[in-house]
Amino acid sequence: MVQFGRFSVTLLRLAAFVIRSKKKETARAYALLSEIEKQLGGRFQPATRRKIAISYGLYNPMICDAFGRLHGRLTTDAEKERLIHYFICSSLFDDFTDHGTISEAQLLSLSFCPEDHKAVSFDEKAFQQSHLLLWNYVADKPAYEKVTKALYKAQLLSKEQHNSQLPDETLLDITFTKGGYSVLLCRYYLDLPANATEEACWYRIGTIIQLTNDLFDIYKDLADNIDTLPNRMTNAYVFEQFFREQMGKMDGLIRQLPYGRQRIQGFRLAMSGIYGLGLVAIDQLKAIQGDQLQLPDFGSLPRKALIVDMEKTRNLVKCLRHAYKSWRY
């Protein structure tokens, strides 16, 4: 019990760091977005502007700083600026594909021949500028291009999740490829030495984050007719086993990292918090299923049954307990 108390204090301190950093980094992102708007003479869509700032503000302290601590430091100002440009690209790419504001041929040109693309709209110009900035920085361009092409393919395939009849295997591949490569890309923007095991960790935690996001978005995705692994599940206990298998793969990679015990344990602490979020969402589904052989049709459930409220004390406590158990394992 004493050890759990100490763990809880340490994890809560990390959570407090993330919350403080999120506020500061979100402001940094908004400031850079304003500069870009002034420079290019246009405006980001309000929802896109917010998505870029909020996503970056949370992602940097939760993920990038966690990997940075393996090397004994946090992300630098230069790295933070590059990461904001990454979120500009990823958010605008989503807009291009979701809203069809440019053709697939234009998107291909913008993505892989940005120096020759004739940008017309503000969004195209902003994407082009950020994309070229990142491309010019990256040292290992062949590896980076391989990842970007794999992610591009996955993002286009993910459009088929709308009103889909995709086989489970295809949906799994899209989920993991999109989530894994989205996170792995960020490794290339940090001034840190690369090793294969650490890159595998970037990819694997990306798949777990994607699964967790989909768990939290079950109600929204159902309303939007988007098919995901979580909203397709019929048995919460089976899905929990699948989720824990992904955790186990991540932990196996972490134990192979070539760093000291203290840094490894600190990294495992940060990752355990992410696991805990996913397990809290699964707990809520297990409570719905109870001792039945399968879950009810999600469409028959009220919104509050599918929304995971992490501001509730009981959910925070559950998250801590799940994180502690996975950290001790």
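The values are calculated or read from the model by the stated rules, or taken from the named source; none is laboratory data. What you see is a predicted model, and the numbers here were worked out from it, not measured in a lab. We place every Cβ from the backbone using ideal geometry, glycine too, and count neighbours over all the protein chains shown. Areas reflect the complete protein model, heavy atoms only, side chains present, ligands, DNA and RNA absent. Shrake-Rupley method; radii C 1.70, N 1.55, O 1.52, S 1.80 Å.
Note on LEU58 and LEU40: the model spin-label points, each 7 Å out from Cα along the C-beta direction, lie 2.4 nm apart.
Let me spell out the model: positive unit charges on the Cβ of Lys and Arg, negative unit charges on the Cβ of Asp and Glu, origin at the Cα centre of the chain. What dipole size does that give, in debye rounded to 20?
On the way: 43 positive and 37 negative charges, 335 e Å.
In total the dipole reaches around 1600 debye.
Accessible surface area normalised per residue over region 216-329 is 54 Å², counting heavy atoms of protein chains with a 1.4 Å rolling probe.
With all protein chains present, how much of the accessible area of the chain (probe radius 1.4 Å) comes from carbon and sulfur, to the nearest whole percent? Write down the numbers at each step before the final one.
Working: 8820 of 16310 Å².
So the carbon and sulfur contribution to the accessible surface is 54 percent.
Peptides 233-242, 281-290 ranked from most to least packed by the mean count of surrounding Cβ atoms within 10 Å: 281-290, 233-242. Approximating the spin labels as points 7 Å out from Cα along Cα→Cβ, the LEU316-to-LEU74 distance works out to 2.1 nm. Students often get this wrong, so check it: of LYS146/LYS220; LYS23/LYS146; LYS38/LYS220; LYS23/LYS125; LYS178/LYS325, which have C-alpha atoms separated by over 30 Å? From the list (LYS146/LYS220; LYS23/LYS146; LYS38/LYS220; LYS23/LYS125; LYS178/LYS325), the Cα-Cα distance tops 30 Å for LYS146/LYS220; LYS23/LYS146; LYS38/LYS220.
The distance separating the Cα centre of region 21-44 from that of region 76-94 comes to 11 Å. Take SER130: with every protein chain present and a 1.4 Å probe, its accessible area is about 0 Å².
For a quick protection proxy, order the peptides 141-154, 260-273 by their average other-Cβ count within 10 Å, most packed first. Kindly include the intermediate steps, with their values, before the conclusion.
Numbers: 141-154: 15.4, 260-273: 17.0.
Taking the mean over residues of other Cβ atoms within 10 Å, the ranking is 260-273, 141-154.
For region 125-178, the solvent-accessible area with a 1.4 angstrom probe is 53 square angstrom per residue.
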